[in-house]
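*Asks:* Got a structure for you, questions after.
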Amino acid sequence: MNVNRHGWTRRSFLMGSAATAAGLGIFGATRALASPRPLRAYAADKGILFGSSISGQVLKDSLYADLFTSQCAITVPEGSLKWDTLRPTPYRYDFSGGDWLYGMCKSHEILMRGHTLVWEGALPKWFAATANAENARTMMLDHISTVVRHYAGKVPSWDVVNEAVQIEDGRPDGLKITPWLRMVGPEYIETAFQAAHEADPHATLVYNENWLEPEGAGAERKRNAVLTMLTRMKKNNVPVHGLGIQSHVYAEMNITGGGFKRFLQQVSDLGLSIMITEMDVREKNAPGDIAIRDRLIASQYYKYLSFMLQFPAVKTVITWGLSDRYTWIATHNPRLDAMPVRPLPYDAELRPTPVWDAIRSAFEETRRR
Ligand code: 9MR
């Protein structure tokens, strides 16, 4: 099967047309298939960077690699820059995976962001037995300094701290009780940003968080805790430059509620940039029928992106994967009926889905940055 530089095949064109004839709704496959331009170009028209996450492993799939390099202007490694990959032992750093990805991205003029320097997830097996209240701060600082210096001038932005707020943990400041919090103290967040800035004064430093969109009291408390933290950091001249909104959302959610809108305005008013860092859309209750599901998922993409792109601070849109062939949702959050999940702009056969058109429409309709 031959794939042209936009990732479309003769076969997929025919199948896409058939799907449209069957009625895929406003985000049918026709426009994607008829378009000679990749999503990165529609985003660039408006001063926006579009891309998707990547791993070295999936790039071995050459058809996928063609699609990825044609569609994306920016990427972020899904695993290569996490502690469990970079730190095989307490004393050794292994940059081979990250360097390989960086080289590949550079040769295709794709920017590579960094994810993530401080997180409780993806810690290596040796961590729990090795880290303690005496050495954890030094270990964190050594990690940040070594990794950020290694990529200084190459990686333009870092998720310095990831998912640090969890209201359910019951602390008044809303911070999640993680090994970092327990061993370094709540100031670990500000310390991490300072260290990253020292290691690369030109990098854009981002606080990355999930589940900020929902309505209701719990989400409102989470937004308030994040906002209070970011406000304090700005006041104290801590070098934080952006908020990453992961955007792992469900098709059934109302993601355009007043609380979330107010929050985005308040974050913008702090002078921070806002990045959509890990977008995908799941559906919980939709029937298996693919046309129905695609319509739901695509219209949620359209709604979400149109809403987010009203804010000029949003200049980066990254999906967590590009094709349903490789998505964490398939393994971490599969459908109960075991039908394949369809959360991304290309399906498992690398055919554009209605999501592709939804993203393009949102880019076409937004103002230029
Ligand atoms: O998609 C990633 C999955 O492959 C990894 O096993 C997992 C643990 O490293 O992390 C997943 O990515 C997460 C990201 O790093 C932070 N936000 C939530 C993402 C999905 O779980």
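*Asks:* Identify, please: which residue in segment 124-155 is β-branched (Val, Ile, Thr) and surrounded by fewer than 20 Cβ atoms within 10 Å (Cβ to Cβ) and is, among those, farthest from the ligand (Cβ to nearest atom)?
*Replies:* Taking the candidates together, the pick is Thr138.
*Asks:* Test of understanding: among Asp61, Asp94, Asp99, Asp84, which residue is without any contact (Cβ under 8 Å) to a residue 12 or more places away in the chain and either within 12 Å of the ligand (Cβ to nearest atom) or more than 21 Å from the chain's Cα centre (by Cα) (or both)?
*Replies:* Numbers: Asp61 fails: without any contact (Cβ under 8 Å) to a residue 12 or more places away in the chain; Asp99 fails: either within 12 Å of the ligand (Cβ to nearest atom) or more than 21 Å from the chain's Cα centre (by Cα) (or both); Asp84 fails: without any contact (Cβ under 8 Å) to a residue 12 or more places away in the chain.
One residue alone meets the criteria, Asp94.
*Asks:* A further question follows. Of all the residues that make up segment 232-250, how many are of a type outside the set (A, V, I, L, M) and surrounded by 16 or more Cβ atoms within 10 Å (Cβ to Cβ)? Please lay out each step first, then the result.
*Replies:* Step one: filter segment 232-250 for residues of a type outside the set (A, V, I, L, M), giving 232, 234-237, 239, 241-242, 244, 246-248, 250.
Applying the additional criterion that residues be surrounded by 16 or more Cβ atoms within 10 Å (Cβ to Cβ) yields 239, 241-242, 244, 246-248, 250.
Counting residues in segment 232-250 that are of a type outside the set (A, V, I, L, M) and surrounded by 16 or more Cβ atoms within 10 Å (Cβ to Cβ) gives 8.
*Asks:* Regarding segment 207-217, can at least one residue be identified that is crowded, with 18+ Cβ neighbours inside 10 Å, of a type in the set (Gly, Ala, Ser) and modelled with pLDDT of 95 or more?
*Replies:* no
*Asks:* OK, next. So which of Met229, Met253 ends up being touching a residue at least 60 places away in the same chain (Cβ under 8 Å) and either open to solvent by 10 Å² or more (accessible area, probe 1.4 Å) or in a helix (DSSP H, G or I) (or both)?
*Replies:* Unique residue meeting the criteria: Met229.
*Asks:* Something else now. Look through Asp142, Asp200, Asp159 and report the one residue that is touching a residue at least 60 places away in the same chain (Cβ under 8 Å), of a type in the set (D, E, K, R) and closer than 28 Å to Gly98 by Cα.
*Replies:* On the way: Asp142 fails: touching a residue at least 60 places away in the same chain (Cβ under 8 Å); Asp200 fails: touching a residue at least 60 places away in the same chain (Cβ under 8 Å).
Step by step, each of Asp142, Asp200, Asp159 is checked, and only Asp159 is touching a residue at least 60 places away in the same chain (Cβ under 8 Å), of a type in the set (D, E, K, R) and closer than 28 Å to Gly98 by Cα.
*Asks:* Let me ask something else. Looking at segment 156-178 only, could you name the residues that are part of a helix (DSSP H, G or I) and loosely packed, with under 14 Cβ neighbours inside 10 Å?
*Replies:* Correct list: Glu168, Asp169.
*Asks:* Please work out which residue is most open to solvent (accessible area, probe 1.4 Å), limiting yourself to segment 308-343 and to residues that are outside any loop (DSSP other than H, G, I, E, B) and without any contact (Cβ under 8 Å) to a residue 12 or more places away in the chain.
*Replies:* So the first thing to find is which residues in segment 308-343 are outside any loop (DSSP other than H, G, I, E, B), and the list is 308, 314-319, 323, 328-332.
The next check asks that each one be without any contact (Cβ under 8 Å) to a residue 12 or more places away in the chain; those that pass are 330-332.
Values: Ala330: 52, Thr331: 108, His332: 133 Å².
Among those that are outside any loop (DSSP other than H, G, I, E, B) and without any contact (Cβ under 8 Å) to a residue 12 or more places away in the chain, it is His332.
*Asks:* Could you look through segment 183-197, keep only residues that are in contact (Cβ under 8 Å) with a residue 12 or more places away in the chain and of a type outside the set (A, V, I, L, M, F, W, C), and pick out the one that is least open to solvent (accessible area, probe 1.4 Å)?
*Replies:* Tyr188
The values are calculated or read from the model by the stated rules, or taken from the named source; none is laboratory data. Predicted, not measured: the structure shown is a model, and the values here were computed from it. Glycine gets a Cβ as well: all are built from the backbone with ideal geometry, and neighbour counts include every protein chain shown. For the accessible areas, the whole protein counts, side chains as well, though only heavy atoms, and no ligand, DNA or RNA atoms are used. Shrake-Rupley method; radii C 1.70, N 1.55, O 1.52, S 1.80 Å.
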